[in-house]
Every structure is written in structure tokens, then in C-alpha cells.
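Here the structure comes first, spelled out in C-alpha cells, and everything after it is commentary.
Read-outs throughout are calculated quantities, based only on the coordinates presented, and are distinct from any laboratory measurement. Please read these numbers as outputs of a predicted model, since none were measured by experiment. Here the Cβ positions follow ideal geometry from the backbone for every residue, glycine too, while neighbour counts run over all protein chains shown.
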Amino acid sequence: MHEATRTSHQIENQYSMDDADLPPEWAVHTARVYTPAESERERQYHLYDHSTNDLRLKVAPASLDGDDQPGYALTVTSYPELECSERQRVRTVLTFERCDELARRFMLLFSARYDGAGSLERAREYAAVRTQSHR
């Protein structure tokens, strides 16, 4: 039990350091590390909120959305706590680190285009298109 507490504390400190790397308009809403019952591999899950609370990014295992696809998915949700919320999967990649890197890229691109409530959808689309893989 003591070992688990120490590990949890180390993880919390890691997230605090990561917050400093976020653009100023963004904050960590939730950050979890867990091990699913059917696996021995540790998984991570992060939610990031824009300061307006009108946009949320999720970096989570793709399987949480019901996919059989391995890896992590970056998902953006407009107006996350409202009935009219819109969710869009931006990209799926193999590792948490790469997905989190893409989330931070999305944040920077969104922040560069966002100019108040009237520009939310345009800024979201701008960031999503530039974060998606180019085939």
C-alpha cells in the first residue's frame, strides 16, 4: 500500500510540471494513470479545458470510445457540459506521448485563431485540420 501511495504522489507531481508547458489559456481538467483489469500495461487519460470552458481536449486510449483500434485518440468537444455539445475525433496515434504532443499543438493553433465566442467553431476547425494526419 505504501508503494502505491508513493507512485500516485510522483504522478501528481509529474502532472503539475506538465501544466507549466501548457499555453496560458489551457489547464488540466483531469489527469489519470490506470491499469485496466484485462491488461498489465499502464494507461493514461488527460482532459484539458480552455479558459472559457467552451472547449475540451481529451487524450485517452482509443478503446474508451468503443474502438477496437490500439493507441490513443485526441478528441475535441465544443461546449462540453451542455446538451448541444459537439465531439470530434481529431487523430489517433500509437502512444500517449505522441497524442499529448498533438493536443498541445492543437492548443497553440486554436489559441492563435480564437478571438472570442463568435470565433470558436472557426478556431476549432482550423486547429483540427492542421493537427489531423496528412494522407
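Each Lys or Arg adds one and each Asp or Glu takes one away; over the other residues whose Cβ falls under 11 Å from the Cβ of THR30, this sums to +2. Taking θ as phi - 60° and the Karplus parameters 6.51, -1.76 and 1.60, the scalar couplings of segment 118-128 work out to x, 10, 4, 5, 5, 5, 4, 5, 4, 5, 5 Hz in sequence order, x denoting glycine and proline. Each residue of segment 92-102 is assigned a 3J(HN,Hα), and the resulting list reads 10, 9, 6, 10, 4, 4, 5, 5, 5, 4, 5 Hz, derived from the Karplus form 6.51 cos²θ - 1.76 cosθ + 1.60 (θ = phi - 60°), x at Gly and Pro. How would segment 55-130 be classified by its alpha-carbon gyration tensor: rounded, prolate or oblate, with rounded meaning a/c under 1.5 and the a/b versus b/c comparison settling the rest? Oblate, because a/c is 1.5 or more while a/b does not exceed b/c.
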